[in-house]
Amino acid sequence: MYNTYENWLLSARQLTEDGQYETAIEHYEGALASAQYTAQQIDVRNYLGRLYQITGATETAIQQFQASL
């Protein structure tokens, strides 16, 4: 079901809106794995950075933000 970048991203955004951050992170990771373009990877890493920050995983958030640079 979530085998495309767009599907992973859609579900991740909905989960984020619903406050299901841990599951949203998993779906953003799926989106990252299926991203074909650098711009997509950068966007997803920024989303992941924000979610890791929200969940208190500061070091992981920093790693995601740095990887997006």
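The values are calculated or read from the model by the stated rules, or taken from the named source; none is laboratory data. Predicted, not measured: the structure shown is a model, and the values here were computed from it. In this analysis, Cβ positions are derived from the backbone assuming ideal geometry, glycine residues included, and neighbour counts consider all displayed protein chains.
Quick look at the numbers
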quantity	calculated
Residues located in region 40-59, provided they are out of contact with any helix residue (DSSP H, G or I) (no Cβ under 7 Å at 6 or more places or on another chain) and over 18 Å from Y5 (Cα atoms)	R50, G56, A57, T58, E59
Every residue from region 40-54 that is surrounded by fewer than 16 Cβ atoms within 10 Å (Cβ to Cβ) and β-branched (V, I, T)	I42, I54
Every residue from region 12-27 that is buried (at least 19 other Cβ atoms within 10 Å of the Cβ) and β-branched (V, I, T)	T16, I25
Region 28-39, residues that are within 13 Å of A67 (Cβ to Cβ) and either surrounded by fewer than 21 Cβ atoms within 10 Å (Cβ to Cβ) or out of contact with any helix residue (DSSP H, G or I) (no Cβ under 9 Å at 6 or more places or on another chain) (or both)	E29, A35, T38
Subset of region 1-42 [within 18 Å of Q53 (Cα to Cα) and in contact with a Phe, Trp or Tyr (Cβ under 6 Å, 6 or more places away or on another chain)]	A12, H27, Y28
Flag for I62 being touching a helix residue (DSSP H, G or I) at 6+ places or on another chain (Cβ under 9 Å) and surrounded by 16 or more Cβ atoms within 10 Å (Cβ to Cβ)	no
Residues being modelled with pLDDT of 95 or more and not in a helix (DSSP H, G or I) - total across region 37-69	4
